[in-house]
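A short reminder: the numbers here are calculations on the coordinates, not readings from a lab. The model shown is predicted, which means the values in this text are computed figures rather than measured ones. Note: ideal-geometry Cβ built from the backbone for every residue, glycine included; neighbour counts use all protein chains shown.
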Amino acid sequence: MSAMRAVAALSLAAAFLSAPFLAAKAGAVDVPPRPQTVVIGLDLSRSNPLVDDEAYAARVAARMVSEIDKLPVRSRVMVRTFGAYDSGANPLKVDEVISARSRPESVAEGISALVSALPQLVAEGKLKAQDWTYIVSFMETMSHQVDCTAGDVRVILLTDGFEDSEQARMLRGGSLPKPEPYYQGCTELMMLGVGQGGGSPAVTKRAREQWEHWAEAAGFQRFTGLYDW
């Protein structure tokens with residue numbers, strides 16, 4: 001190639017690389033999704049069908065897959081049990097960080113299998129069904145384990161939603177206490193199964209409304225309360 005041709009080719013390449021449409025393309029590079037923190041609370045109180053209804057547990061387990069299997073890398077998944085106000089009664093703790101080795105599909109499959117097996121684990125005595133339902137205390141405790149300013153934080157509770165503690169006896173007409181803004185800026189509080197076992201749509205509606213107001217006061221950006229799905 002002659003010197004003149006080489007100069008012409010370099011000039012053309014420079015003009016091509018500086019073209020507006022290439023600059024736009026460069027600016028349109030996808031930003032990696034922001035990591036999430038997902039807290040999953042398993043309600044082991046006796047009122048929750050999750051502890052003794054295998055078909056129900058399987059349905060909840062299937063829903064959990066869709067909540068986890070597309071999490072971005074560096075997302076954190078925390079699984080805890082709750083019921084009685086006694087840390088010794090709730091020994092199950094699972095913590096996973098999504099990575100090249102711990103793919104979201106694999107983490108979702110493992111947690112789904114655990115949820116599906118809950119009735120069997122309770123029947124075999126490996127987990128204990130509990131006589132109290134301290135949901136509010138569980139939420140207060142877990143608020144110290146997450147940072148809503150560092151990433152998207154979602155809390156998913158597999159629960160009937162009926163607080164049954166010294167703070168409120170919801171099935172007897174009690175109301176939830178107003179919380180501190182423990183979760184200010186957190187993305188979502190989701191309850192799967194809220195109202196199960198309550199016996200009427202009116203009871204379910206009241207429970208959902210109470211938790212919606214509680215979630216708003218606690219600082220969540222949105223609340224999702226599903227009786228079924």
Which of the GluC sites (Glu not before Pro) found in region 96-128 are loop residues per DSSP with 12 or fewer other Cβ atoms within 10 Å of their Cβ?
124
Which loop GluC sites (Glu not before Pro) in region 196-229, with loop taken from DSSP, have no more than 15 other Cβ atoms within 10 angstrom of their Cβ?
none
In percent, how large is the relative contact order of the chain, given Cα pairs closer than 8 Å and 6 or more residues apart?
19
Additional length obtainable on full extension of the chain from residue 69 to residue 202, 0.36 nm per residue less Cα span
44.5 nm
For region 37-63 and region 155-229, what is the separation of their C-alpha centers, rounded to whole Å?
15
Residues of region 154-175 with the amide nitrogen closer than 20 Å to a label point 7 Å from the Cα of residue 229, along Cα-to-Cβ, please.
154-163
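Hey, with R₀ at 22 Å, roughly what FRET efficiency would residue 92 and residue 55 work out to, going by the Cβ-Cβ distance, to 0.05? Could you put the intermediate results ahead of the total?
Numbers: r = 22 Å, r/R0 = 1.00.
Given R0 = 22 Å and the Cβ-Cβ separation, E is 0.50.
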Principal axis lengths of region 76-229 from Cα atoms, whole Å, largest first?
48, 41, 32
Contour excess over end-to-end distance, with Cα ends at residue 101 and residue 131 and 0.36 nm allotted per residue:
6.9 nm
Tell me the label-point distance for the pair residue 184, residue 172, using the 7 Å Cα-to-Cβ offset, in nm and rounded to one decimal.
3.5
On a straight-distance basis, which aspartates and glutamates could pair with residue 128 in a cross-link, Cα separation under 14 angstrom, same-chain partners fewer than 8 positions away excluded?
43, 52, 86
